[in-house]
Amino acid sequence: MISSYGVRFYVLRNGARLTTLSAMSAPSVDCSADAEINVSMAGIFAPSPLVNWLTDEIQPVQVIDGVEHPVGVLVPVSYLDTVDANGAKAVQIEAYDRCYILKQAKLEARLHLAAGTLYLDAVMQLLTAAGIALVLQTPSSLTLATDREDWAAGTSYLTVINTLLQEINYDRISFDTSGAAVLRPAKVPSASNIDHEYSQGLRLLSRQASRETDAFDAPNVFVAICSNPDFDAPMSATSVNDSPSSALSTVSRGRRIVSVTNVDNIPDQKSLQDYADRLKMDSMLSTETITVYTANVPGHSVRDTVALWHPELSGIYQEIGWSLVLSEGQRMLHTLRKEVVL
């Protein structure tokens with residue numbers, strides 16, 4: 001049980017705490033794993049002459065039983081000075097996570113990456129250029145198979161980074177609650193990587209559920225082709241869903257429904273086969289989306305794995321969104337998605 005709950009809003013300058021903001025109403029923080037920029041905050045605060053809204057960052061923190069739990073590090077993207085009828089001044093703030101910095105940063109000339117460059121080294125080069133120093137990465141030995149000049153001047157760093165990560169089957173870049181960039185392979189929710197657990201006796205307050213299946217045109221044969229002129233010959237990979245246990249398979253449906261995907265670049269033949277296999281596995285999955293309410297719970301990031309225990313809704317889910325109001329006694333909304341094999 002929580003005995004005390006509070007909130008602080010630190011202003012960071014060059015990563016160090018400069019001052020605190022006083023909220024005039026309870027700010028809200030929202031996360032969407034499917035969005036280009038995952039986390040956002042909106043709130044009204046008392047003005048502070050110490051803050052440079054163009055360069056400083058905001059770190060909301062939940063204080064639970066005296067322990068601080070950061071919610072994220074957020075970049076102000078708009079602010080509005082207001083004065084009410086009584087002369088009281090306020091600042092309305094909208095802020096996004098550090099993906100916004102990468103979206104703002106643009107290539108000033110066509111980017112050249114040499115063959116043999118480690119994919120993650122290329123990503124780190126862009127992060128460093130954008131001033132992102134805190135990075136948590138899962139190492140990868142995959143390298144660029146050819147020289148690359150795919151991205152023209154004006155392309156955002158965020159676009160380049162996410163394209164490179166996709167080619168090695170990593171999740172899109174995200175930022176954790178401390179503001180560190182996270183580079184990791186695509187996360188498959190399982191019992192081995194549970195981040196949060198909820199049950200009716202453990203902070204679960206109420207629930208709503210919906211399930212949607214749209215598989216009538218789902219392919220069961222996947223062909224991935226990479227025809228880059230820098231390769232000696234085109235590469236192709238085929239992955240077939242021929243599982244008797246799958247309702248979508250060539251065996252179950254009695255016909256081949258083919259999907260062809262062209263890939264501009266890929267490290268090697270194995271990576272192309274992995275890509276085709278991933279398309280097949282994704283096609284075999286329908287999604288069950290659940291919304292549940294809990295007390296305000298700390299430590300939620302992007303695409304966390306959640307174990308849910310309920311007579312009707314038990315299972316292991318990926319958290320694709322959450323929303324909380326930073327105030328005592330509020331409920332936190334979680335949107336959870338479970339993939340179900342068809």
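Within region 35-57, can you find the residues that are open to solvent by 40 Å² or more (accessible area, probe 1.4 Å) and in contact with a Lys or Arg (Cβ under 6 Å, 6 or more places away or on another chain)?
Step one: list which residues in region 35-57 are open to solvent by 40 Å² or more (accessible area, probe 1.4 Å), which gives 36, 42, 44, 47, 49-50, 52, 54-55.
Pro47 - this is the single residue of region 35-57 that is open to solvent by 40 Å² or more (accessible area, probe 1.4 Å) and in contact with a Lys or Arg (Cβ under 6 Å, 6 or more places away or on another chain).
Quick one: what pairs do we get from region 51-80, first residue farther than 10 Å from Phe9 by Cα, second open to solvent by 50 Å² or more (accessible area, probe 1.4 Å) and among the hydrophobic types (A, V, I, L, M, F, W, C), C-beta under 6 Å, 6+ apart or different chains? Short answer, once both residue conditions are applied: Ile64/Ile2.
Residue count for region 13-43 under the criterion of being part of a loop (DSSP other than H, G, I, E, B) and charged (D, E, K, R): the result is 2.
Among the residues of this structure, Tyr10 does not count as one that is of a type in the set (Phe, Trp, Tyr), surrounded by fewer than 18 Cβ atoms within 10 Å (Cβ to Cβ) and either touching a strand residue (DSSP E or B) at 6+ places or on another chain (Cβ under 7 Å) or assigned to a strand (DSSP E or B) (or both).
Looking across region 29-50, the residues that are touching a residue at least 60 places away in the same chain (Cβ under 8 Å), among the hydrophobic types (A, V, I, L, M, F, W, C) and over 13 Å from Thr177 (Cα atoms) come down to Ala33, Ile37.
Within region 56-69, being farther than 16 Å from Val91 by Cα and assigned to a loop (DSSP other than H, G, I, E, B) holds for Asp65, Gly66.
Residues that are of a type in the set (S, T, N, Q) and within 15 Å of Tyr119 (Cβ to Cβ) within region 237-278 comprise Asn265, Ser271, listed in sequence order.
Rundown of residues vs (1) touching a strand residue (DSSP E or B) at 6+ places or on another chain (Cβ under 9 Å); (2) of a type in the set (Gly, Ala, Ser); (3) at pLDDT below 95, yes/no style:
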| residue | (1), (2), (3) |
| --- | --- |
| Leu127 | yes, no, no |
| Ile132 | yes, no, no |
| Asn169 | yes, no, yes |
| Gly179 | yes, yes, no |
| Leu183 | yes, no, no |
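I want to confirm something. Restricting to region 13-34 and keeping residues that are of a type in the set (Gly, Ala, Ser) and crowded, with 17+ Cβ neighbours inside 10 Å, which single residue is modelled with the highest pLDDT? Residue satisfying both the conditions and the ranking: Ala23.
The values are calculated or read from the model by the stated rules, or taken from the named source; none is laboratory data. What you see is a predicted model, and the numbers here were worked out from it, not measured in a lab. Using ideal geometry, Cβ is built from the backbone for each residue, glycine included, and neighbour counts are taken over all protein chains shown. Note: accessible area is taken over every heavy atom of the protein model, side chains too, but ligands, DNA and RNA are not part of it. Shrake-Rupley method; radii C 1.70, N 1.55, O 1.52, S 1.80 Å.
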